[in-house]
Amino acid sequence: QLPMMDQLEKQFLTEFDFLREAEMLNKIRENIIPHFSNEVHIPKPIQGMVTEKVLVMERIPGIKLVDGIK
């Protein structure tokens, strides 16, 4: 096996662990919202619907960040 491929596989599995992603999203919300709630909205993961392979978040109406920057 190639060490580079092992590292790539490890990174890939970490990136697509949506339970971990939801946890990080909640931590970001806890840190950002108290200071920037009027300027930024971060979607909440929907508890009970998040699994290691599926991340379900609240829908936020409005324009996408990318479109707003353009």
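Descriptive notes on the structure:
- Cα lying deepest toward the dipole's positive end in the chain, options Ile60, Pro43, Phe16, charges on Cβ: Ile60
- Residue separation of Lys70 and Lys44 scaled by 0.36 nm, minus their Cα-Cα distance, works out to 6.8 nm of gained length.
- Lys pairs under 27 Å by Cα in the chain, provided they are eight or more residues apart or on distinct chains: 10
- By the Cα gyration tensor, segment 7-70 has an equivalent ellipsoid whose semi-axes, rounded to whole angstrom, run 24, 15, 13 from largest to smallest.
- Per atom type, the chain shows carbon and sulfur on 59% of its accessible surface, probed at 1.4 Å.
- When Lys70, Lys27 are compared by accessible area of protein heavy atoms, the largest-first order is Lys70, Lys27, using a 1.4 Å probe.
The values are calculated or read from the model by the stated rules, or taken from the named source; none is laboratory data. Keep in mind it's a predicted model, so treat the numbers as computed, not measured. Because the Cβ atoms are built from the backbone with ideal geometry, glycine has one as well, and the counts that use them run over all protein chains shown. The accessibility values were calculated without ligands, DNA or RNA, using every heavy atom of the protein model including side chains. Shrake-Rupley method; radii C 1.70, N 1.55, O 1.52, S 1.80 Å.
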